[in-house]
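Just so it is clear, none of the values below were taken in a lab; they were calculated from the coordinates. None of the values given here were measured: they were computed from a predicted structure. Don't worry about glycine lacking a Cβ; one is built from the backbone with ideal geometry, like all the others, and counts go over all protein chains shown.
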Amino acid sequence: MDIRYNMVNAGALLLAGLVTDRALKLGWKALTGHEPPQDPDDPGVKMWEVVTFAAVSGALVGLSRQLALRGASKWYSGPAAKQIDRRA
């Protein structure tokens, strides 16, 4: 596989991960008024918080990963590849 393609994908995934992490932390704090749960064994953290945060973060990370890879692939292929696809 093309090394440049892999680098573009890695960069897109890194950026998507950073943005998603920041959005999760800010969104959780805005909704609950405190930081997201870090240690599920901490007695001060309620189980519903751990489960909810895990479900929401898993869904958002998966979605951002798919969108990042799709966008990177579309960007990397460029307009020339799209014109060739239309002719075939």
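Relative contact order of the chain: what whole-number percent is it, with Cα pairs under 8 angstrom and at least 6 residues apart? Once divided by the residue count of the chain, the mean separation gives 42 percent. Cα-based values for the chain, radius of gyration first and Dmax second, are 18.3, 62 Å. Cβ-Cβ distance of Met47 and Ile3, R₀ of 41 Å, FRET efficiency by 1/(1 + (r/R0)^6): the value works out to about 0.35. With axes computed from alpha carbons, what is the tilt in degrees of helix 3-32 against the longest principal axis of the chain, rounded to the nearest 10 within 0 to 90? Relative to the chain, helix 3-32 is tipped by roughly 30 degrees.
Partners of Lys74 within straight-line reach, counting aspartates and glutamates whose Cα lies under 16 Å from its Cα and excluding those fewer than 8 residues away in the same chain: Asp2, Asp85.
Quick one: angle between helix 47-87 and the longest Cα principal axis of the chain, in degrees between 0 and 90, rounded to 10, please. With both axes taken from Cα atoms, the answer is about 10 degrees. Here the Gaussian network model covers the chain, with springs between Cα atoms less than 10 Å apart; of Gly58, Gly44, Gly11, Gly44 fluctuates the most.
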